[in-house]
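Worksheet: the structure to be examined is printed underneath.
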Amino acid sequence: MKINQCFFLIPIGLFAVFFDLRKGKIPNELIVIGLILGCCFQIRQAKTVGLLLFLGGACIPVVLGAGIYYFRMMGAGDMKLWAVVGGFLGPQRAVYCMIASLFVGAVLSIFVLLKRRNLKTRLLYFCSYIQRQQNGVWEPYLNEKDQDGRFHFAIAILGGILLCAGGVY
């Protein structure tokens, strides 16, 4: 009997959102459990090939998301959560889930900007950041003082899980 990855991914995503909202971090224990379950899931579904699907799926988000993480536009917990999701979905569907998560995140960001009434401030901050980067001054996009630009991306990843693992995307 084949078990759908939604059985595992949705609870993992829900726990990640809970911890992200409550503590601002996704616990490594949840990530490790997710990676182990993802590996076991893939091996059970596809035997030896499943291990390759797991490794490819877990690595794709890390490789493709490295730039976003490097500039601190996304936290390490979000990157690790993407790796868990990719491990369950395999390489191709991991990319789809990343795209879906970014889309959900963009839509949610619009609502956050409207609620906080800081669209102009954020656009000016972004333009200033790009200008500083062009001058060769590297700095993270968000710093510790910039709480106004924070967004719990685990919510967007859960949205991507629901779209991709559920077969919509």
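The values are calculated or read from the model by the stated rules, or taken from the named source; none is laboratory data. A quick note: this is a predicted structure, and the numbers were derived from the prediction, not measured. Neighbour counts are summed over all protein chains in view; Cβ atoms, including those assigned to glycine, are modelled from backbone coordinates with ideal geometry. For the accessible areas, the whole protein counts, side chains as well, though only heavy atoms, and no ligand, DNA or RNA atoms are used. Shrake-Rupley method; radii C 1.70, N 1.55, O 1.52, S 1.80 Å.
Figures for the structure shown
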read-out	value
Ellipticity estimate at 222 nm from DSSP helix runs (n ≥ 4, -39,500 (n - 2.57)) divided over the chain, nearest 500	-25500 deg cm²/dmol
Reduced Cα scattering model of the chain, Debye log10 I(q)/I(0), q = 0.19, 0.20 Å⁻¹	-1.19, -1.29
Protection proxy ranking of 27-35, 8-16, 131-139 - average other beta-carbon atoms within 10 Å, highest first	8-16, 27-35, 131-139
Accessible surface, per residue, of the chain when the full set of protein chains is kept, probe 1.4 Å, Å²	59
Nearest-20 debye value, the chain charge dipole, Cβ charges on Lys, Arg, Asp, Glu	260
Degrees separating the helix 91-116 axis from the principal Cα axis of the chain, which is the longest one	40
Nearest 10 degrees, 0 to 90: helix 154-164 Cα axis against the chain principal axis	50
Lysine pairs in the chain with Cα atoms under 30 Å, if 8 or more residues apart or on separate chains	15
Protein accessible area in the chain, 1.4 Å probe - carbon and sulfur %	70
Estimated FRET transfer efficiency (residue 151, residue 40; beta-carbon r; R0 25 Å; 0.05)	0.20
Trypsin sites (Lys or Arg not before Pro) restricted to region 33-98 and DSSP loop, no more than 16 other C-beta within 10 Å	72
Residues residue 64 and residue 125, FRET efficiency given R0 of 22 Å [Cβ-Cβ distance, rounded to 0.05]	0.30
C-alpha long axis of helix 6-23 to longest principal axis of the chain, angle in °	30
